[in-house]
Amino acid sequence: MFSVERRVGRLVEARVHRLSTASEVERYRRAFTSQMLMGGPILIADHRPVHIYPQDVASKLTDIFRTLNPYWDRAALLIAPTNATLGLQLRRVVRDSLSPSRRVFVDAGEAYSFLSEALQPNELARMTAFLEESAPPSGQPVSGREPASGRTPPSGQEAVSGRAPPSGREPVSGRPQSSREPASGREGQRRGMR
């Protein structure tokens, strides 16, 4: 279960709730369409809902990260500070993927700082909104600024969910998609309690 979107500028947003099989990881890889990977994109990937990845999934993620390395200008993976096991696992995956521009963070503010050096103001505003949409309740703004008001207009957005489009084709260039795979089961209940 995941969603991948490019709504504003070069910022690509990924939310990962669960990747349980190698085939789910492959669908995750295909979600990063050629349109999303154009122009030196910046990735913010929220893995905070994930508990742990099975070993075959972690190995497949390493391979996919290596494949995507040339495209990303920067990439930040955000994990829950209470999940040390996932932290160790994703740090190993990132290390083994051999990309100095990809980092793992437990603090949304640090991920924001790392990516903000490469983003434009409209992209920063969207990243703030993205991080606050799934932030654990703390009352603290993600960026150290006031929370973003409203959502950025969807002009130029592209979204891909963990489910294949009904036609089995990639999105048509310039035509936004906003389908997302719904959270279900235990993860959906946990997500709703945040």
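The values are calculated or read from the model by the stated rules, or taken from the named source; none is laboratory data. The structure presented is a predicted model; accordingly, all values stated were derived computationally and were not measured. Cβ coordinates were reconstructed from backbone atoms using ideal geometry, including for glycine residues, and neighbour counts include every protein chain displayed.
Considering the conditions (1) over 15 Å from residue 16 (Cα atoms); (2) crowded, with 17+ Cβ neighbours inside 10 Å; (3) modelled with pLDDT of 95 or more, residue 36 is excluded by exactly one of them, (3).
Conditions tested, residue by residue: (1) of a type in the set (Gly, Ala, Ser); (2) in contact (Cβ under 8 Å) with a residue 12 or more places away in the chain; (3) closer than 18 Å to residue 114 by Cβ.
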site	(1), (2), (3)
10	no, yes, yes
24	no, yes, no
31	yes, yes, no
55	no, no, no
64	no, yes, no
70	no, no, no
